[in-house]
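A.B. asks: Below you'll find the structure I mean.
The values are calculated or read from the model by the stated rules, or taken from the named source; none is laboratory data. For clarity, every value in this text was computed on a predicted model and none was experimentally measured. We place every Cβ from the backbone using ideal geometry, glycine too, and count neighbours over all the protein chains shown. Side chains included, ligands, DNA and RNA excluded: accessible areas come from the protein's heavy atoms. Shrake-Rupley method; radii C 1.70, N 1.55, O 1.52, S 1.80 Å.
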Amino acid sequence: MTQSLYIVAIGPQSGKSVIALGLMELLSRRLRRVGYFRPIIPLHPLADNNLQLIKARYRLEFDDNELFAISHDEAQHLSAEGSPDQIIKIILDKYKRLESRCDFVLCEGTDFSGLSLPFEFEFNAEVANNLGCPILLLLNCHNKSPEDILDALHVAQESFLKKGCTILASVVNRVEPTLMATVREKLACTGECGPVYILPEEPFLGKPTVGEIAKALKAKILMGEPEEMNRGVADFKVAAMSLPHFLDHLVEGDLIIAPGDRSEIILGTLAANFSSTYPSIAGLLLSGGFVPDPQISLLLQGLRMTVPIISVQTDTFTTAINASAVPPMLTPENDRKIATALGLFETHINLPELEGRISFVKSTRVTPIMFEYNLVEMAQKHRQHIVLPEGTEERVLRASEILVRRGVAEITLLGDPAGIRSAASNLGLDLTGITLIDPATSGLRQDFAQTYFALRQHKGITEKAAWDTVADVNYFGTMMIHKGLADGMVSGAVHTTGDTIRPALQIIRTQPGVSIVSSVFLMCLADRVLVYGDCAVNPEPNAQQLAEIAISSAQTARLYGIEPLIAMCSYATGASGKGADVDKVREATRIAKELRPDLMIEGPIQYDAAVDAGVAKTKLPDSQVAGKATVFIFPDLNTGNNLYKAVQRSANAVAIGPILQGLNKPVNDLSRGCTVPDIVNTVAITAIQAQ
């Protein structure tokens with residue numbers, strides 16, 4: 001059908017960035033080289049938020065100038081000179097240059113910045129036809145009745161059909177949630193121009209963040225980490241009253257605007273934010289060029305305030321006007337908004353149907369970003385319930401919100417609910433849809449203690465010790481899995497590997513026929529994903545254990561869509577070397593082949609012969625694995641751990657793991673230096689294992 005698609009919005013504020021983001025996510029899961037193209041941008045590429053968002057998130061290896069054709073001012077100048085055809089020629093020339101380097105190009109139409117609706121319609125239709133792109137129609141249905149939506153859709157579809165355009169699909173966006181069913185019924189018989197998808201209004205996406213306002217107003221950031229600047233601003237409040245009266249008017253998500261010398265407002269508002277009796281604010285915007293007195297600033301630093309405070313030079317009235325005029329945006333650094341936008345797109349768009357209407361060129365290589373997106377997609381297909389014991393840890397809280405917004409998994413956080421809510425509130429996070437359980441006070445504790453006592457009394461555990469043990473968050477989370485109350489667990493952001501694995505070995509235990517728990521890392525290189533094992537758990541596995549690790553690693557590889565070609569690594573290849581270490585690998589290879597004759601296994605083999613086709617042709621010319629290996633089994637922990645870190649650092653690879661294998665139910669360990677994306681990926685991996 002096509003290798004391109006052109007998004008046409010009918011009117012401003014239609015949510016074009018949400019649709020562009022969702023489509024890029026869909027395309028990037030399937031293709032290596034996805035391009036993004038804008039025919040006209042306002043002023044300069046650095047000022048085009050959507051261009052910067054897509055380029056940053058999808059790591060497009062193109063210069064800014066390759067992703068657009070012409071600026072708005074240049075287009076107007078050529079149009080005034082009577083050279084409209086020259087505009088189309090410039091656009092086509094730039095597009096073709098980008099197209100030649102891509103498997104698919106997503107084009108995003110104009111922004112209605114100062115141009116008339118008829119002109120934009122004519123222009124987008126002409127550009128889409130000249131580029132040979134089918135179009136995806138996008139309607140802004142904010143404050144529209146079902147009848148108005150139906151009429152607007154018919155008019156738009158008929159207009160583009162008359163211009164000879166091919167309509168791939170249509171999206172009616174920002175529909176009032178209470179009208180969704182009625183709109184769906186009204187649009188049920190409008191499929192002549194392809195499917196019609198309906199997206200509800202999402203208030204969170206319609207709110208600017210403190211960071212967006214700071215950027216638009218060129219404000220100075222006095223306090224606030226980058227994550228805190230992503231707090232959504234629900235409304236603005238000008239502090240013109242005395243503090244007691246002003247506190248009566250605080251509402252959740254307010255951005256407080258006050259002169260910078262109003263110390264009592266600054267302190268009183270921040271104190272209210274930490275009080276359970278007042279709502280949480282988005283931040284403080286100080287006007288007049290004033291900043292808090294040194295004593296006040298010192299006090300705030302000592303309190304380690306997380307609420308962002310920004311300052312501008314303009315007076316309070318002008319500041320309020322300017323701030324209220326800042327439009328909401330999707331920015332590359334706002335993971336919360338991006339997760340919400342993608343969750344909205346993936347929930348309300350029939351992705352298999354849309355995929356079926358787009359012709360994909362399948363890639364034989366898998367990039368890290370494609371692999372990570374595939375993880376999320378696989379987890380979303382059959383959502384699992386994952387318990388995270390470290391409920392008050394900031395990175396875990398941020399990851400949990402993203403996981404729920406993306407629909408990756410159902411999440412339970414362990415810890416004192418009041419403490420978790422307080423930590424989330426201070427970070428400006430929304431825990432809606434996340435279950436909170438305190439192991440110390442949970443009604444499940446007694447049952448868990450009795451079960452643990454029954455499992456471990458042969459080891460001398462007393463009932464009192466069992467009662468105390470299951471109050472530990474890792475033991476409690478593991479017991480939830482054992483009892484079928486959760487499908488998997490991820491821990492380790494603040495706990496050791498032993499703290500995470502020990503309860504699993506005692507309670508969940510290993511799979512039938514598996515005597516050893518082991519681990520693998522998924523090594524995402526520039527153009528492929530390899531599996532390395534064991535790099536985290538077993539210091540000196542014997543031949544039998546090494547064979548089991550190979551078999552478990554092959555099963556893990558296949559679980560994540562990697563065809564296992566197993567290299568049993570050693571310092572010698574084939575019969576070229578002798579010694580106890582080589583003999584162990586040779587024996588492990590024999591055992592593994594005997595246990596699983598269906599697997600392709602080569603060993604002993606050196607790493608270069610396993611990964612390089614040229615070396616393989618010389619050392620093992622008849623091997624089905626040499627030069628093409630995807631699963632690498634190392635003889636001991638010293639080799640595996642050092643090698644994965646060397647490849648990670650030297651090749652700039654993304655190392656996902658360690659992924660534990662061999663347990664009856666999935667439990668995975670995090671590094672204590674893990675990032676929020678690491679936690680998101682590990683939860684997705686755990687959810688897929690649980691499936």
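A.B. asks: When all C-alpha to C-alpha distances in region 8-66 are sorted into bins of 10 Å, what percent of pairs does each bin hold, rounded to whole numbers?
C.D. replies: Cα pair-distance distribution for region 8-66, in percent: 20, 56, 23, 1.
A.B. asks: Output the 0 to 90 degree angle, nearest 10, between the alpha-carbon long axis of helix 580-595 and the longest principal axis computed from the alpha carbons of the chain.
C.D. replies: In the chain, helix 580-595 runs at an angle near 80 degrees to the longest axis.
A.B. asks: Before anything else, pin down the relative contact order of the chain: Cα pairs under 8 Å, at least 6 apart, normalised by residue count, whole percent.
C.D. replies: Over the chain, the number comes to 11 percent.
A.B. asks: While we're here: Can you list the lysines whose alpha carbon is less than 16 Å from that of residue 55, not counting same-chain residues fewer than 8 positions off?
C.D. replies: Counting by Cα, and skipping residues close in sequence, residue 55 has these lysines nearby: 16.
A.B. asks: Something else now. Dipole of the chain (Lys/Arg Cβ +1, Asp/Glu Cβ -1, origin at the Cα centre): which of 23, 313, 561 lies farthest to the positive side?
C.D. replies: Positive-most Cα among the choices belongs to 561.
A.B. asks: List the aspartates and glutamates whose Cα lies under 12 Å from the Cα of residue 645, skipping any in the same chain that are fewer than 8 positions away.
C.D. replies: none
A.B. asks: Same structure, new question: Send over the Kirkwood Rh of the chain, from the inverse of the averaged 1/r over different Cα pairs, rounded to one decimal Å. Could you put the intermediate results ahead of the total?
C.D. replies: Numbers: mean 1/r = 0.0353 Å⁻¹.
So the Kirkwood estimate lands at 28.3 Å.
A.B. asks: For residue 89, give me every one of the aspartates and glutamates with a C-alpha distance below 12 angstrom, ignoring sequence neighbours fewer than eight places off in its own chain.
C.D. replies: Qualifying aspartates and glutamates at Cα under 12 Å: 126.
A.B. asks: Provide the per residue accessible area, probe 1.4 Å, for the chain, rounded to a whole number of square angstrom.
C.D. replies: That works out to 42 Å² per residue.
A.B. asks: Now, a different point. Loop only per DSSP, at most 15 neighbouring Cβ atoms within 10 Å: give me the trypsin sites (Lys or Arg not before Pro) in region 157-261, ordered by residue number.
C.D. replies: 163, 218
A.B. asks: Also, I was wondering about something else. To the nearest 20 debye, what charge dipole does the chain have about its Cα centre, counting +1 at the Cβ of each Lys and Arg and -1 at the Cβ of each Asp and Glu?
C.D. replies: I would put it at about 1700 debye.
A.B. asks: What is the angle, in °, between the Cα long axis of helix 335-348 and the longest principal axis of the Cα atoms in the chain? Nearest 10 is fine, range 0 to 90.
C.D. replies: On a 0 to 90 degree scale, this one is about 90.
A.B. asks: Looking at this model, which pairs from 207/237; 337/381; 584/665; 578/619 are more than 19 angstrom apart at the alpha-carbon?
C.D. replies: Going by Cα-Cα distance, 337/381; 584/665 fall outside the 19 Å limit.
A.B. asks: Would you mind checking the tilt of helix 473-482 against the longest principal axis of the Cα atoms of the chain, expressed as 0 to 90 degrees and rounded to 10?
C.D. replies: 80
A.B. asks: Another question, then. Write down, largest first, the equivalent ellipsoid semi-axes of region 445-567 in whole Å, where each equals the square root of 5 times an eigenvalue of the alpha-carbon gyration tensor.
C.D. replies: 32, 16, 13
A.B. asks: Counting only protein heavy atoms and a 1.4 Å probe, tell me what percentage of the chain's accessible area is made up of carbon and sulfur.
C.D. replies: 53
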